[in-house]
Amino acid sequence: MTGVPASAAGGTGKPAPGGKLGAAAVNQASLWNIANILTMIRLVLVPGFVALLLADGGYDPVWRAWAWAAFAVAMITDVFDGHLARTYNLVTDFGKIADPIADKAIMGAALVCLSSLGDLPWWVTGVILGRELGITLLRFWVIRYGVIPASRGGKMKTLAQGTAVGMYVLALTGPLATFRFWVMAVAVALTVITGLDYVKQAVVLRRQGMAAAERAARDEREAAAER
């Protein structure tokens, strides 16, 4: 009941011709919220960032500065889109899928480009990307038993990676170039430590979930036997 007389809707009591279009508009509006728009911006920034970083052979300080600006914007939007989605209940299926893809795309693109330019050892890129791929597979492995919440270590890892990669994107020399090496060392250490911690939590969660499922099945069998 809407409280609107049938005559006001044409007197037939049937849905207005634009009913389906109205529903589609609502669904579209729910997709085009500020959190999702920020995620889309981050996705669009990936090819632009790569083009800027590799422009003029990849060693022009000016182009590298522009690439850093694009990378910084991507990292900032990563902070705000998730916060806005949770705070204002803007979580959508698109955001759940696109947000982690955008995160990995910008970081992966930066690491691969820096290694291809010879600025960053390939093993560093391999460790970071391997960890991210492994964690993604672990999520699918335990998803039926629950979700592992983000830890403080994971947030520190993300901050360290973003800072270190951003410093490598810039054409730094002298003491700053030495400093970024140590920042990257911290980022790699946190990547490995938090990755191992995630594996431990995933194993525990899966064992607990399997044990709970076995108890539930046993209780169900016992209840059926008593009938």
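Numerical summary
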{"item": "VAL183 being within 19 Å of GLY162 (Cβ to Cβ), assigned to a helix (DSSP H, G or I) and either touching a residue at least 40 places away in the same chain (Cβ under 8 Å) or out of contact with any Gly (no Cβ under 9 Å at 6 or more places or on another chain) (or both)", "result": "yes"}
{"item": "Single unsatisfied condition, ARG144 versus (1) surrounded by 11 or more Cβ atoms within 10 Å (Cβ to Cβ); (2) in contact (Cβ under 8 Å) with a residue 40 or more places away in the chain; (3) not β-branched (Val, Ile, Thr)", "result": "(1)"}
{"item": "First in segment 116-128 and more than 18 Å from LEU190 (Cα to Cα), second anywhere and surrounded by 13 or more Cβ atoms within 10 Å (Cβ to Cβ), Cβ under 6 Å, 6 or more apart", "result": "LEU117/GLY58; ASP119/TYR168"}
{"item": "From the options THR163, THR178, THR194, residue that is among the polar types (S, T, N, Q), under 22 Å from PHE49 (Cα atoms) and assigned by TED's automatic domain parsing to the domain that holds THR125", "result": "THR163"}
{"item": "Options ALA109, ALA51, ALA70, ALA55; residue that is under 22 Å from ILE34 (Cα atoms) and assigned to a helix (DSSP H, G or I)", "result": "ALA70"}
{"item": "Number of positions in segment 58-67 that are surrounded by fewer than 21 Cβ atoms within 10 Å (Cβ to Cβ) and assigned to a helix (DSSP H, G or I)", "result": "6"}
{"item": "Residue in segment 97-109 that is touching a residue at least 24 places away in the same chain (Cβ under 8 Å), more than 18 Å from GLY48 (Cβ to Cβ) and of a type in the set (A, V, I, L, M) present", "result": "no"}
{"item": "Only one of ILE41, ILE101, ILE37, ILE128 that is surrounded by 12 or more Cβ atoms within 10 Å (Cβ to Cβ) and within 26 Å of PHE181 (Cα to Cα)", "result": "ILE128"}
{"item": "Single unsatisfied condition, VAL165 versus (1) under 16 Å from the mean Cα position of the chain (by Cα); (2) at pLDDT 95 or above; (3) not charged (D, E, K, R)", "result": "(1)"}
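The values are calculated or read from the model by the stated rules, or taken from the named source; none is laboratory data. It should be emphasised that the depicted structure is a prediction, and the values quoted were computed from it without experimental measurement. Backbone-built Cβ (ideal geometry, glycine too); neighbour counts: all protein chains shown.
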